[in-house]
Amino acid sequence: MSAEYQDENERLVAEQAVLAYREVHKAMQAAPHGQGLACTEGAVLVQGREQQRRMLELILGGHPEAQKKGDVPDPAPAGVRRRSGTTRPKR
């Protein structure tokens, strides 16, 4: 397969995708009998997160606007969890 890339970052992302695929394939091959799907899914999650992290690093690293610091326009409160059955007082 031959692909044309717009820049070096696209080529790098494509190569990382192939390497991630290879790692997932290795995990499947090494999985104990009866654990193939679980091991493969676990490897997909790990490799996928790592690939996403690398892509974000490439994309955001090239944009100074993404690195600006300042007030968050509408901060979300952390740690506040409401359950659907407990949002209103019981009568």
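The values are calculated or read from the model by the stated rules, or taken from the named source; none is laboratory data. Computed from a predicted model, the values in this text were never measured in an experiment. Glycine also receives a Cβ, built like all others from the backbone with ideal geometry; neighbour counts cover every protein chain displayed.
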Arg53, sole failed condition from (1) modelled with pLDDT under 70; (2) charged (D, E, K, R); (3) part of a helix (DSSP H, G or I) = (1)
Of Leu37, Leu60, the only residue that is modelled with pLDDT under 95, assigned to a helix (DSSP H, G or I) and not basic (Lys, Arg) is Leu60
Condition met for Val24 (touching a helix residue (DSSP H, G or I) at 6+ places or on another chain (Cβ under 7 Å), touching a residue at least 40 places away in the same chain (Cβ under 8 Å) and part of a helix (DSSP H, G or I)) | no
